[in-house]
Amino acid sequence: MGFFSKDIKTLDDLFVHTLQDIYYAEKQIAKALPKMIDKATDPALKAGFEKHLSETKGHIERVEQVFEMHGVEAKGVDCPAIDGILEEADEVSGDIDDKRVLDAGLIASAQAVEHYEMTRYGTLIAWAKQLGRNDCASVLKQNLDEEKATDKKLTEMAESKVNLQAAE
Ligand code: FE
Ligand code: FE
């Protein structure tokens, strides 16, 4: 986006810009997840992060597929929102000594990431449909469904075990 000209003129432009935003975000998430895998102690949480890392690589590929279907070059645009969420995740986890409390913190940070992704994909799907691109919407929906499933699983892990262990 330029400072002196308004580069986003149409809903289609905004759709492409937001696709670039989530493309950048997914790549940053793929870089951050290995650190979270290293820090996690609970085996189920570690495995969950590992699974989501491989899903995230698939998300990047699906977003690339949508760029191609829409006839635009696949490229990212800086997303200070995800940078901030990941930075905060890193800072908070660096401040926690107790491994059980750290697991609870990692889940909270991961859920902030998933919710960010969910808002982006929700918006992209609605705009794709409005633009007559149901084909793009259905590819993006596959990513959204995996983010939602991950978020749900994280809630279950936190409420059934990790929060309890953190409180002991
Ligand atoms: Fe994702
Ligand atoms: Fe995700």
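The values are calculated or read from the model by the stated rules, or taken from the named source; none is laboratory data. Given the structure is predicted, the values throughout are model-derived calculations rather than measurements. Cβ sites come from the backbone with ideal geometry, for glycine too, and all protein chains shown count toward neighbours. Each accessible area value is taken on the protein alone, full model and side chains, heavy atoms only, with ligands, DNA and RNA left out. Shrake-Rupley method; radii C 1.70, N 1.55, O 1.52, S 1.80 Å.
Dipole of the range 104-168 computed with +1 at Lys/Arg Cβ and -1 at Asp/Glu Cβ about the Cα centre; of VAL162, TRP127, TYR116, farthest Cα towards the positive end is TRP127.
Computed on protein heavy atoms with a 1.4 Å probe, the accessible areas place VAL16, VAL63, VAL72 in the order VAL72, VAL16, VAL63, largest first.
If a spin label sat at a point 7 angstrom from the Cα of THR41 along the line to its beta carbon, the backbone N atoms of the range 136-168 nearer than 11 Å would be those of 165-168.
What are the membrane-span-like helices in the chain by this rule: whole DSSP H runs, Cα extent along the axis at least 20 Å, mean Kyte-Doolittle hydropathy at least -0.5?
11-39, 80-94, 99-130
In whole angstrom, how far apart do the alpha carbon centroids of the range 1-52 and the range 83-121 sit? Value for the Cα centre distance between the two parts: 14 Å.
Considering all different alpha carbon pairs of the chain, the Kirkwood hydrodynamic radius works out to 16.8 Å. Entry note, the chain: the mean residue ellipticity at 222 nm calculated from DSSP H runs of n ≥ 4, each adding -39500 (n - 2.57), is -27500 deg cm²/dmol after division by the residues and rounding to the nearest 500.
What FRET efficiency comes out for the pair GLU88/SER160, r = Cβ-Cβ distance, R0 = 35 Å, nearest 0.05?
0.85
Computing the accessible area with a 1.4 Å probe over protein heavy atoms, can you report the carbon and sulfur percentage for the range 1-156? Heavy-atom surface of the range 1-156 belonging to carbon and sulfur, 1.4 Å probe: 53 percent. Computed with a 1.4 Å probe on the full set of protein chains, the accessible area for MET36 sits at about 20 Å². Surface analysis of the chain yields an accessible area of 54 Å² per residue, using protein heavy atoms and a 1.4 Å probe.
Please report, in whole Å³, the volume per residue of the convex hull around the C-alpha atoms of the range 116-168.
Dividing the Cα hull volume of the range 116-168 by its residue count gives 56 Å³.
Using a simple spin-label model with pseudo-atoms 7 Å out from Cα toward Cβ, ILE96 and HIS115 lie 1.6 nm apart. Each label was represented as a point 7 Å from its Cα along the Cα-to-Cβ direction; for ALA167 and ARG62 these points are 3.5 nm apart. Show which lysines lie in cross-link reach of LYS129 when reach means a straight Cα distance below 17 angstrom and same-chain residues fewer than eight apart are skipped. Correct list for LYS129: LYS141. The base-10 log of I(q)/I(0) for the range 76-140, evaluated at q = 0.11, 0.14 Å⁻¹, reads -0.39, -0.55 [Debye formula, identical scatterers on Cα atoms, solvent excluded].
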